[in-house]
Every structure is written in structure tokens, then in C-alpha cells.
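Novice: Dropping the structure in here first, questions after.
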Amino acid sequence: MSAQSIQETHHKRFGTQGIAYQAPGRVNLIGEHTDTSEGFVMPAALDLRTISVLSPRSDTTANIYSVNFDEQISLDLQHLPSRRRGHWSDYPTSVLWTLEQRGIRPAGFDLTLSGNVPLGSGLSSSASVEVAVAVAVLAHAGTTLTKPEIAKICQFSENNFVGAQSGIMDPFTSCCGVENHALLIDCRSLEYEALPLPSEVLLVICNSMVKHSLAGGGEYNQRRAEVQAGVKILQQHYPDVHTLRDVTEEQLRRCESDMAEDIFRRSLHVVTEDERVLAAAAALRRGDFEKFGLIMHDAHISMRDNYAASCLETDLLVELAVRQPGCFGARITGGGFGGCTINLVAAEHADGFVRNVRAGYEEATAIQAEIYRSCASDGAGPVA
Ligand code: ADP
Ligand code: MG
């Protein structure tokens, strides 16, 4: 998928030369279910991305063509829709809708979108589309915003127009990613630090191809409610607590007898996960991938046993992974109940890793896992 070929597609369709931008998908290395408690996460931007190509028009129409869906929609920028349609175009439209609320009203344009982030696999194709649209349209409108501001616009768009309760991590990583680095993000202050993740260590993502969550993410919302219940109980003892970010493991354990076991365990996952992210960051600063991998494994066990958001298939992928030579660590990544695992693998062992994990998984489940490899990549911007 080259920017040049998408520019050619754009030219054939719209008859004009466009400028190309890109925005990556992301994977979370560690820090699961901590963002909604204003805690710490550590994602990396992937070299899977959405490319957007934009050329100006002389009217107030926005034509948006998705190569992936082979479909074009047309909007009147003076009368943008105010509601979602349940269609892919909700994602680009949502960004225009938010920009308009912020007083940013671009002139008409033609836009082509093409992505190789797998759709709906938890690698955030949605944020990559939103960010790719935002950077193209902002440049077209002559408006300069900081990357964190663009990320907030995209999160607002997805939350309030598309209607998905996604966090800041996805658009933030797509905007602020740094080549050969993971990002340690404080989800409360949005301060972040790029930590070295050299290209000798590959991010290998194994898609279990299963999703056990109920329609509408029932379990996901239940976990959030359990964490909220934990916070309420903690606040009776510690009035200054706003979220689990403010709680130490010792404080939580002191309140254990006041909590139902499930509430305690969900809270314990979040509180200890924040600690693990900080310990993992310290390991990366030292270049200690062995230690980083051990912490990833602890994080997986906590997702499985305390947060109860893993499943047989992702547990199996992790078990297979940690037995492979050159695998530093493996864990479930994303919301849970299926989806993907993230594995840190020495580049020279990646071929064998992929072969063996794929074969072992298929033998046990009769499912063919999709496996993607990536190094940590730069965030969104114009394509050079
Ligand atoms: P994820 O973000 O994990 O990939 P989501 O369900 O949040 O999954 O977002 C996937 C949706 O984003 C797709 O169903 C589609 O509507 C939209 N999308 C992603 N990539 C593209 C693209 N290249 N063109 C148009 N829409 C896209
Ligand atoms: Mg998404």
C-alpha cells in the first residue's frame, strides 16, 4: 500500500492531484483497563496505517471515497449530518462535525482513504481513519493544532458522533507515535515519554479471530461498573480518591473486607497494572527486554484471573508464545474476551515464532490466527 498508488487512485476518480497524509493504528504493550481510571498505558504506533489523499474543490462539497469499502459519499459542508448512520462514513464525518463545533470550517474537498490496519481487530483502524482525516482537513483549512489537541478532537468525535466509548490512548498514539519507541502515557495529564524499542525487537500481534463479548460490549461495561463500585467503597475510607489511579495496593487491601470479591479483584487488576506499566517503563529505559517480558506475563495473568477478561483462545496463544525461542513476553491486548495478543519477539526469531504459534493454535482450535508483525512507527503527518 504506497501513498503513490493511492494518489493515482485519487487522481483517476477526482481528476486532481492530492496531497497524501498518513495515520497509524496502534497496539498496547501494557496497561490494560487503566486509561478509564486515568492511569498509565504503554502503546506503540504500528506500521499499519490509513492514508488520506486530499485535493481542494471550489464549492462546499466534501466527497469522501474509501478504497477499502469501494464506496464514495458526498457531504454538504454547510449542512453536515448531525447523527450517525451506522456506516463507515460516520468516522470521517464525525471529525468534520467536531471541527465545525470548534469553528473550523474547511472549504470543499475530495478525499480518498485507504488503510491496511485490519478493521475491527482492536488495532484501532477507527482512530487511524479519524486522525488521517483530521490532519488532511486541518492542513486544507490552514489550521495548526498540536498533536494532543488533534487526538482530543478525534476522541470527542468517536465518543459523541460515532457513539463508541473509546479512550484517548488510540488517537493519541496515532498522533504522537515515535519510530522505534513505545509511548508511556499518563492518561490523567496526557504527559508522555517515548521509550526506546529498537527494531531488533518486533511487535508481533496474533489475532485469535474470536470475540466472546456480548453485543454492545456487555462484559466490558460490567467491568467498568465493578471498578466504579470499588472506587465508591474506597472513597468512604479515602475521600481524596477520584479514580483507582489515586489508590495504592496497600490501601485497596485494607478495604478488601468491605468489597465483594469480584469488585476487589477488578480493582486489584487496575491498581497493580499501573505499577506494572511503570516497572515496564523502567525496564525499557534500561533496555531490559527480559524483565519487560516477565512483567507482560504478570499483566496477562492479572487480566485473566483478576479482571477476568481473557479467554481460552488468548490464553492458549500466550502459552504457545512464551515457549518460543526469542519471545520476551506475551499478553492479551485490547478490551479482552478474545481479540489479539501482543508479543515482543527478537527479529531474527520472528519467522519461527509466527510459524510455530500459528501451527500450535490451529492444531488446538482449528482456527487460523492472523498474525501481523510491525516495528514501532511514527505518528500521523504528511507523507514525505
Ligand atoms: P478497530 O478500531 O479496532 O479497528 P472499530 O470497530 O473501532 O475497530 O472501527 C472499525 C471501523 O472503522 C470500520 O468498521 C469502518 O467503519 C471504519 N474504518 C476503518 N478503516 C476504514 C477505511 N480504510 N475506510 C473506511 N472506514 C474505515
Ligand atoms: Mg476502534
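Novice: S37 - would you say it is more than 22 Å from the chain's Cα centre (by Cα), away from ligand 1 (no atom under 12 Å from the Cβ) and polar (S, T, N, Q)?
Specialist: Against the criterion (more than 22 Å from the chain's Cα centre (by Cα), away from ligand 1 (no atom under 12 Å from the Cβ) and polar (S, T, N, Q)), S37 does not qualify.
Novice: Criterion first (farther than 21 Å from G339 by Cβ and free of Cβ contacts under 8 Å to residues at least 24 places away in the same chain) does S267 satisfy it?
Specialist: No: the conditions fail for S267.
Novice: Give the residue, chosen from F172, F161, that is outside the structural domain of R223 (by TED's automatic domain parsing), closer than 25 Å to E275 by Cα and open to solvent by less than 10 Å² (accessible area, probe 1.4 Å).
Specialist: Residue meeting the stated conditions: F172.
Novice: Moving on. Any residue that is within 14 Å of ligand 1 (Cβ to nearest atom), free of Cβ contacts under 8 Å to residues at least 24 places away in the same chain and open to solvent by 10 Å² or more (accessible area, probe 1.4 Å) - is there at least one of those in the range 119-127?
Specialist: yes
Novice: Kindly check whether there is at least one residue in the range 118-126 that is touching a Ser or Thr at 6+ places or on another chain (Cβ under 6 Å), more than 21 Å from G335 (Cα to Cα) and within 16 Å of ligand 2 (Cβ to nearest atom).
Specialist: No, every residue in the range 118-126 fails to be touching a Ser or Thr at 6+ places or on another chain (Cβ under 6 Å), more than 21 Å from G335 (Cα to Cα) and within 16 Å of ligand 2 (Cβ to nearest atom).
Novice: If you don't mind, another one. Can you say whether S199 is more than 30 Å from A260 (Cβ to Cβ) and modelled with pLDDT under 95, as far as the supplied structure shows?
Specialist: Yes; evaluated as a whole, the condition is true for this residue.
Novice: Another question, then. Tell me which residues, restricted to the range 205-229, are in contact (Cβ under 8 Å) with a residue 40 or more places away in the chain and either among the polar types (S, T, N, Q) or not assigned by TED's automatic domain parsing to the domain that holds A330 (or both).
Specialist: Answer for the range 205-229, where residues must be in contact (Cβ under 8 Å) with a residue 40 or more places away in the chain and either among the polar types (S, T, N, Q) or not assigned by TED's automatic domain parsing to the domain that holds A330 (or both): N207, S208, S213.
Novice: Strands (runs of 3 or more DSSP E) wholly in the range 29-107 with at least 2 residues that are of a type in the set (D, E, K, R) and open to solvent by 50 Å² or more (accessible area, probe 1.4 Å) - which ones?
Specialist: 71-76
Novice: Being closer than 23 Å to T333 by Cα and not in a loop (DSSP other than H, G, I, E, B) is the filter here, so list the residues in the range 108-117 that pass it.
Specialist: Correct list: G115 only.
The values are calculated or read from the model by the stated rules, or taken from the named source; none is laboratory data. Everything quoted here is computed from the prediction, not taken from an experiment. Backbone-built Cβ (ideal geometry, glycine too); neighbour counts: all protein chains shown. Areas reflect the complete protein model, heavy atoms only, side chains present, ligands, DNA and RNA absent. Shrake-Rupley method; radii C 1.70, N 1.55, O 1.52, S 1.80 Å.
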